[in-house]
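Novice: Got a structure here, written out as structure tokens. Questions coming.
Quick note: the coordinates plus some simple rules give every number you see, no bench work behind them. All of these numbers come straight from a predicted model, not from anything done at the bench. Here the Cβ positions follow ideal geometry from the backbone for every residue, glycine too, while neighbour counts run over all protein chains shown.
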Amino acid sequence: MKNTAFTKFHEELRAKMVPFAGYYMPVQYEGVNIEHQTVRNGVGVFDVSHMGEFWVKGPNALEFVQWVTSNDASKLYDGKVQYSCFPNEEGGIVDDLLVYRINEEIYLLVVNAANIEKDWVWCNKQNKMGAILYNASDEIAQLAIQGPKALEAMQKLTDIPILDMEYYTFKKLIFAGVRDVILSATGYTGSGGCEIYMANEDGPWIWKAVMEAGAEFGIKPIGLAARDTLRLEMGFCLYGNDINDATSPLEAGLGWITKFTDEKNFIHKDTLLVQKTEGVSRKLVGFEMIDRGIPRHGYEIVDDHSQLIGEVTSGTMGPAVKKAIGMGYVPKALAKEGSEIFIKIRDKALKAKVVKFPFYKPQ
């Protein structure tokens, strides 16, 4: 197992540590519910250094990003971030990712921890245009500082204004005295905040500065378990659960990051264009339980005749919404809001209803 620049702090704080995507990571500190509410109401800090980072450089950088991702990277400008995915050759998803435009010849791709090696092989296989690719995943540390008080706390550590940053933009700045830190108004919690990227060697200094700056706002370290419940309350997809190599972005409700303009060509565009034109047979939906029970990944979804129609891809008791919620693929006919479906829990078919994302709506 690899350590991150912050492992010693997690151990000192007596976090419950587990192997995750090849790293030794904190799954929780005080408990999932407490940590979840800390982020919803104040500010929490996640170690997300296990994420992967690929640099794409050179005069053919944009051509490569356009070909390998589904979203339209030509719309990016310096300092803009874009959510996207790598489509595969069968219309599925290799991974979902963030694309950062540093300038017209430099892009940063941030990929999921469990997929770093797969994504790296995939990107090199697709690089027919000769872009310069560099895997910096082992050199970069990353913290996600999330919550409604996050930016106010982090403003103390830089002279550059960050309170009014637009969602999905970033700045390269001096942060806690460290040069060339990337601070982006992104995150996977739905409660605002930022993510910061730094060299591994700067990680311990920045961790201490972040915790000190956030002290007056009640900052706490947050584990991966609460990261999962937070993203689920927002209806955000988790790769390996809700999306994978066999799920289409259109089935997953990610049509908004799949662009079919004449100027934009990408891997297996034709297959996905057929899906867009003809429609898909199943859709990823959110649901909340009506009967008492907590849905979990892999549980069967059945119709009112007990016929198998899908399975739960993610499920939990939402700490902020205080409801049992989940996601799963169901036939298009049952994907409408209000549709009644049933979740098999301990051999009982328990009633649920399809609802719109997100489950959690900030006040």
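Novice: How much length would be gained if the chain were fully extended between ASN41 and GLU104, taking 0.36 nm per residue of separation minus their Cα-Cα distance, in nm to one decimal?
Specialist: Stretched out fully, the ASN41 to GLU104 stretch lengthens by 18.9 nm.
Novice: Anything in the chain that counts as a DSSP H helix reaching 27 Å or more along its axis (C-alpha) with Kyte-Doolittle mean of at least -1.0? List them, would you? Let's see the in-between values first.
Specialist: On the way: long enough: none.
Helix filter hits for the chain: none.
Novice: On to the next question. Under 11 Å from a point placed 7 Å out from the Cα of GLU278 along the Cα-to-Cβ direction: which residues of region 248-271 have their backbone N that close?
Specialist: Answer for region 248-271: 271.
Novice: Could you give the dipole magnitude of the chain about its Cα centre, charging the beta-carbon of Lys and Arg +1 and that of Asp and Glu -1, in debye to the nearest 20? Could the numbers behind the result be given before it?
Specialist: Working: 40 positive and 47 negative charges, 185 e Å.
Charge dipole, the chain, about its Cα centre: 880 debye, nearest 20.
Novice: What is the gain in length, in nm to one decimal, between ALA136 and PHE20 on full extension, counting 0.36 nm per residue of separation less the C-alpha to C-alpha distance?
Specialist: Contour length minus Cα-Cα distance gives 39.9 nm.
Novice: Let me ask something additional. From the Cα gyration tensor of region 159-296, with a ≥ b ≥ c the square roots of its eigenvalues, which class applies: rounded if a/c is under 1.5, or else prolate if a/b is larger than b/c, or else oblate?
Specialist: Taking the square roots of the gyration eigenvalues as a ≥ b ≥ c, region 159-296 is oblate.
Novice: Let me ask something additional. Rounded to the nearest 0.05, what FRET efficiency do GLU90 and HIS305 give with R0 = 22 Å and r taken as the Cβ-Cβ distance? Could you check? All intermediate terms of the calculation are to be shown ahead of the outcome.
Specialist: Values: r = 31 Å, r/R0 = 1.43.
For GLU90 and HIS305, the calculated efficiency is 0.10.
Novice: What FRET efficiency, computed as 1/(1 + (r/R0)^6) with R0 = 41 Å and r the Cβ-Cβ distance, is obtained for ALA199 and GLU337, rounded to the nearest 0.05?
Specialist: That pair, ALA199 with GLU337, gives E of 0.30.
Novice: Also, quick follow-up: For region 14-67, run through the trypsin sites (Lys or Arg not before Pro) and keep only the ones in DSSP coil with at most 14 other Cβ atoms within 10 Å of their Cβ.
Specialist: ARG14
Novice: Size of the dipole of region 281-355 about the Cα centre, Lys and Arg at +1 and Asp and Glu at -1 on the beta carbon, nothing else charged, in debye to 20?
Specialist: The calculation lands at about 180 debye.
Novice: Continuing with this model, one more query. For region 312-329, just list the computed ³J(HN,Hα) in residue order, Karplus coefficients 6.51, -1.76 and 1.60, θ = phi - 60°, integers in Hz, with x standing in for Gly and Pro.
Specialist: Computed from phi, the couplings for region 312-329 are 5, 8, 8, x, 6, 8, x, x, 8, 7, 6, 9, 7, 10, x, 9, x, 8 Hz.
Novice: So, one more: Express in whole angstrom the spacing between the alpha-carbon centres of region 35-51 and region 65-125.
Specialist: Each part's Cα centre sits 25 Å from the other's.
Novice: Can you work out the PRE-style zone for GLU216? Point 7 Å along Cα to Cβ, and I want the residues of region 138-153 with backbone N under 20 Å.
Specialist: Taking a point 7 Å out along Cα→Cβ of GLU216, the residues of region 138-153 whose backbone N falls under 20 Å are 145-153.
Novice: With the cut-off at 26 Å, tell me which of the pairs LYS323/LYS344; LYS80/LYS336; LYS156/LYS323; LYS57/LYS171 have Cα atoms farther apart than that.
Specialist: LYS80/LYS336; LYS156/LYS323
Novice: Continuing with this model, one more query. Classify region 110-221 from the C-alpha gyration tensor, please: rounded if a/c falls under 1.5, else prolate or oblate depending on whether a/b exceeds b/c.
Specialist: In terms of gyration-tensor shape, prolate.
Novice: Under 17 Å Cα-Cα from LYS16, which aspartates and glutamates qualify once same-chain neighbours fewer than 8 residues away are excluded?
Specialist: Excluding near neighbours in sequence, the set is GLU30, GLU35, ASP47, ASP228.
Novice: Separate question: Mind checking the full-extension length gain between ARG296 and ASP164? Use 0.36 nm per residue of separation minus the Cα-Cα distance, one decimal, nm.
Specialist: On the way: separation 132, 0.36 × 132 = 47.52 nm, distance 3.83 nm.
Taking 0.36 nm per residue and subtracting the Cα distance, the gain is 43.7 nm.
Novice: Net charge within 13 Å of TYR167 by Cβ-Cβ distance, Lys/Arg positive one each and Asp/Glu negative one each, not counting TYR167 itself?
Specialist: Here the count lands on -2.
Novice: For a Förster distance of 35 Å, can you work out the FRET efficiency between the beta-carbons of ASP347 and MET1, rounded to the nearest 0.05?
Specialist: Details: r = 37 Å, r/R0 = 1.06.
Efficiency at R0 = 35 Å is approximately 0.40.
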